[in-house]
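A short write-up of the structure that comes next.
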Amino acid sequence: MLQSLHNTASGRIFMLGTGPSLLEQTHELLALREEPTFCTNRLGLWEWLPFTPRYYGVSKPDMIKDVGLQGSTTQHFILWPADLGILGWQWVPRIKSRLRTLRHAPFQGFGDGFERMGSAMAAPITWLQLAAWMGYRQFYILGCELSDGYVFGGRQRTPQAVRNEPRILECAQIAKQAIEEAGGSLVDCTPDGKLHSVLEYQPLAEVLRAN
């Protein structure tokens, strides 16, 4: 149950999407072997991922067959309206309404209970809510360009991300406000990412040096 995860962690965590900018950060990513990491969606298709994630979350059941289980030490989560009972994957309840984004639902993770989670339309931002519930308070986003393809597929345009960009940025701003009101911080470490317009940007190497 999600209740058992509440406030079991602290400090910082790195949230990874699937953007090709990760190819530019392979040296720095090696250092994340010693850090809490939360990988999302189809990042498991990238065969050169240089660490085993502590957490892995997907937003669709069909992604599970693509990525499989990432490791015996990884906790796996699926965000879906109903519990599908998939072995090895812990269910995180998603809002059932068609209006299911953070624009219409409160940011979860900082209260006494964990309700159904809304989507930010960008996986690393969506899963911030579960990481906050676990107790993390410093969040760093990687691989979240919004429009430049996938780390496992090259730099191709992704029309859905382009179409959703204004709403994703709005959700990122909502997440930032909720995190800062709780005394935390949200930083983008994605080179040349679109999130720079609403989040502070810090190069990953700089973040790692500051530790």
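Taking the Cα centre of the range 2-209 as the origin and placing charges on Cβ (Lys, Arg +1; Asp, Glu -1), which of PHE14, ILE86, ALA175 is farthest toward the positive end of the dipole?
ILE86
Once you place label points 7 Å from the Cα toward the Cβ at GLN3 and ASP112, how far apart are they in nm?
1.3
May I ask you to list the aspartates and glutamates whose Cα is less than 14 Å away from that of LYS176, ignoring any residue fewer than eight positions away on the same chain?
Straight-line reach from LYS176, under 14 Å: ASP188, GLU200.
Scan around ILE141 for amide H atoms under 5 Å from its own, H built in the peptide plane at 1.01 Å from N, and keep only partners 5 or more places away or cross-chain.
Those lying under 5 Å, H to H, from ILE141 are MET15, VAL187, ASP188, CYS189.
As a test of the formula, what do you get for the chain when each DSSP H run with n ≥ 4 contributes -39,500 (n - 2.57) and the sum is divided by the residue count, at 222 nm and rounded to the nearest 500 deg cm²/dmol?
-6500 deg cm²/dmol
At 0.692 mPa s and 37 °C, plugging the Kirkwood radius over alpha-carbon pairs of the range 2-209 into Stokes-Einstein gives what diffusion coefficient in µm²/s?
In µm²/s, the coefficient is 195.
Could you line up LYS176, LYS65 from fewest to most neighbouring Cβ atoms inside 10 Å?
LYS65, LYS176
Using θ = phi - 60° and the Karplus form 6.51 cos²θ - 1.76 cosθ + 1.60, what ³J(HN,Hα) does each residue of the range 110-120 get, whole Hz, x for Gly and Pro?
The phi angles translate into 10, x, 7, x, 10, 8, 4, 8, x, 9, 9 Hz.
What is the spin-label model distance, in nm, from THR52 to GLN177 if the labels are put 7 Å beyond Cα along the C-beta direction?
4.1
Bear in mind that the values in this text are calculations on the coordinates, not laboratory data. Bear in mind the structure is a predicted one, so any value in this text is a computation, not a measurement. Heads up, the Cβs are rebuilt from the backbone with ideal geometry, glycines too, and the neighbour counts pull from every protein chain shown.
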